[in-house]
1. Since Gly90 meets every condition but one in (1) at positive phi; (2) surrounded by 14 or more Cβ atoms within 10 Å (Cβ to Cβ), which condition does it not meet?
2. Would you please name the residue that is farthest from Ser88 (Cα to Cα), looking only at residues in region 124-138 that are touching a residue at least 40 places away in the same chain (Cβ under 8 Å) and either out of contact with any His (no Cβ under 8 Å at 6 or more places or on another chain) or surrounded by fewer than 19 Cβ atoms within 10 Å (Cβ to Cβ) (or both)?
3. Arg98 versus (1) at positive phi; (2) within 20 Å of the chain's Cα centre (by Cα): which is the lone unmet condition?
4. Which of the residues belonging to region 12-61 are hydroxyl-bearing (Ser, Thr, Tyr) and in contact with a strand residue (DSSP E or B) (Cβ under 7 Å, 6 or more places away or on another chain)?
5. Take the residues in region 103-123 that are open to solvent by less than 50 Å² (accessible area, probe 1.4 Å) and touching a Phe, Trp or Tyr at 6+ places or on another chain (Cβ under 9 Å), then tell me which one is nearest to Trp40 (Cα to Cα).
6. Is it fair to say Arg141 is among the basic types (Lys, Arg), open to solvent by 70 Å² or more (accessible area, probe 1.4 Å) and under 17 Å from Ala83 (Cβ atoms)?
Amino acid sequence: MSSVGPPVALSTASVYPEPAEAAFELAAELGYDGVELMVWTDPASQDVRAVEKLVERHGVPVLAVHAPCLAVTQRVWGADPIARIRRSVGAAARFGARTVVLHPPFRWQRRYAAEFAAEVARAGEGVGVRLAVENMFPVSRGGLRTVPYSPGFDPTDVGHAAYTLDLSHTAAAGSDALAMLERMGEGLVHLHLADGSGSPRDEHLVPGRGTQPCAEVCERLSAGPFATDGVVVLEISTRRCRTREERTSLLAEALVYARLHLDPVPPDLSSLPAVTG
């Protein structure tokens, strides 16, 4: 684990199209504190025992589980979204992870949307797992922007006990990331650290390469309750990388950025030689 500030984990989604095992390999190689497991179409990500073997093999813990709530994962772990939440909580508890990340329901999931807030409030009770609802963004098609989530893409409009702040999503939504951080307050327990240019697309750029206040968000979270109880996850897109070396370089750059801005202790310069002449 890092000696100061919150732990920094690597999302297994950050190595796509490589499988989850590559995330464990790279997290160990680069010195990440753990991984966030995205439960995905990759069969290994859906198999708790297979993930436990990756943890044992690489010495990298699972610090959070991202529930299969994307449009492409609606059949992963069954068709019932409530059952998927509960299975995600069970997996997190087995890994010793304290957080499950999940998105607001889609608008067409009417029954699920009606049950969502109550399920999120109670699903982790008794096992020490919190469900951190993530901010999302409108979808643009043919010049039209629509909100596919119910009741909206900003979970603070509803109010939950725990939140995930995603800075690529604030960029795509045109949201004020610092204002959202303030609204989430002490409920903010999980950060998806990435960047965006302000395009309506969800870009997941390396932090520092876009317009989002990534450094200021990290600095605000480097002390206080988040520093001892939160997790920072690098969730960046490397799908255009042609080689493992290119992917490793981006993930290393992202980790250096996070460590630099999450360290609340300024460097000790007293031992450096004085500059003369």
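1. (1)
2. Looking only at region 124-138, we keep the residues that are touching a residue at least 40 places away in the same chain (Cβ under 8 Å), and these are 129-132, 134-135, 137-138.
Still in the list and also either out of contact with any His (no Cβ under 8 Å at 6 or more places or on another chain) or surrounded by fewer than 19 Cβ atoms within 10 Å (Cβ to Cβ) (or both): 129-130, 138.
On the way: Val129: 10, Arg130: 11, Pro138: 26 Å.
Here the answer is Pro138.
3. Of the numbered conditions (1) at positive phi; (2) within 20 Å of the chain's Cα centre (by Cα), the odd one out for Arg98 is (1).
4. Filtering region 12-61 for residues hydroxyl-bearing (Ser, Thr, Tyr) gives 12, 14, 16, 32, 41, 45.
Those that are hydroxyl-bearing (Ser, Thr, Tyr) and in contact with a strand residue (DSSP E or B) (Cβ under 7 Å, 6 or more places away or on another chain): Thr12, Ser14, Tyr32, Ser45.
5. His103
6. Values: among the basic types (Lys, Arg): yes; open to solvent by 70 Å² or more (accessible area, probe 1.4 Å): yes; under 17 Å from Ala83 (Cβ atoms): no.
Here the answer is no, as Arg141 does not meet what is asked.
To keep it simple, each residue is scored yes or no on (1) modelled with pLDDT under 95; (2) touching a Ser or Thr at 6+ places or on another chain (Cβ under 9 Å); (3) hydroxyl-bearing (Ser, Thr, Tyr).
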site: Ser168; (1), (2), (3): no, yes, yes
site: Ala171; (1), (2), (3): no, yes, no
site: Met180; (1), (2), (3): no, yes, no
site: Arg183; (1), (2), (3): no, yes, no
site: Gly187; (1), (2), (3): no, yes, no
site: His192; (1), (2), (3): no, yes, no
site: Gly196; (1), (2), (3): no, yes, no
site: Arg201; (1), (2), (3): yes, yes, no
site: Gly210; (1), (2), (3): no, yes, no
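Residue by residue, here is whether (1) closer than 20 Å to Phe226 by Cα; (2) open to solvent by 40 Å² or more (accessible area, probe 1.4 Å); (3) out of contact with any helix residue (DSSP H, G or I) (no Cβ under 6 Å at 6 or more places or on another chain) holds:
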| residue | (1), (2), (3) |
| --- | --- |
| Asp166 | yes, no, yes |
| Ala173 | no, no, yes |
| Ala177 | yes, no, no |
| Arg183 | yes, yes, no |
| Val189 | yes, no, yes |
| Ala194 | yes, no, no |
| Ser197 | no, yes, yes |
| Pro200 | no, yes, no |
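The values are calculated or read from the model by the stated rules, or taken from the named source; none is laboratory data. The shown structure was predicted, so the numbers you read here are calculated from the model rather than taken from an experiment. Cβ coordinates were reconstructed from backbone atoms using ideal geometry, including for glycine residues, and neighbour counts include every protein chain displayed. Just so you know, the surface numbers come from the protein's heavy atoms only, side chains and all, with ligands and any DNA or RNA stripped out. Shrake-Rupley method; radii C 1.70, N 1.55, O 1.52, S 1.80 Å.
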